[in-house]
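A short write-up of the structure that comes next.
Since every read-out is calculated from the coordinates, none of them should be taken as a lab result. This structure is a prediction, so every number in the text was calculated from the model and none was measured. Cβ placement follows ideal geometry from the backbone for every residue including glycine, while neighbour counts extend to all protein chains displayed.
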Amino acid sequence: MPKMKTKRSAAKRFSTTSTGKIKRRKQGLRHILTKKAHKRKKELGTTTYVHAADVKRVKALIPYS
């Protein structure tokens, strides 16, 4: 059976922690930043984890990570 191909767009967006969780960046920090509060921008800058309902789908996109 051939190797599975990694979806490169997903590989650039997600990374795996040593415990097996999948990290992601939060959306909303690219443009139109002047109307957003400083606190909101700070919180958007932190990383978070993929929701449990979506983990299976994301792991299929990045099989060897």
Among Thr34, Val50, Gly20 the positive-end extreme of the charge dipole of the chain (Cβ point charges): Thr34
Dipole magnitude of the chain about its Cα centre (Cβ charges: Lys, Arg +1; Asp, Glu -1), debye to nearest 20: 260 debye
Whole-number percent relative contact order across the chain, with pairs defined as alpha carbons under 8 Å at least 6 apart: 43 percent
Eight or more residues apart or on different chains, and alpha-carbon atoms under 13 Å: count the Lys pairs in the range 8-61 matching that. 6
dims of the chain, Cα set, principal axes, largest to smallest, nearest Å -> 52, 23, 19
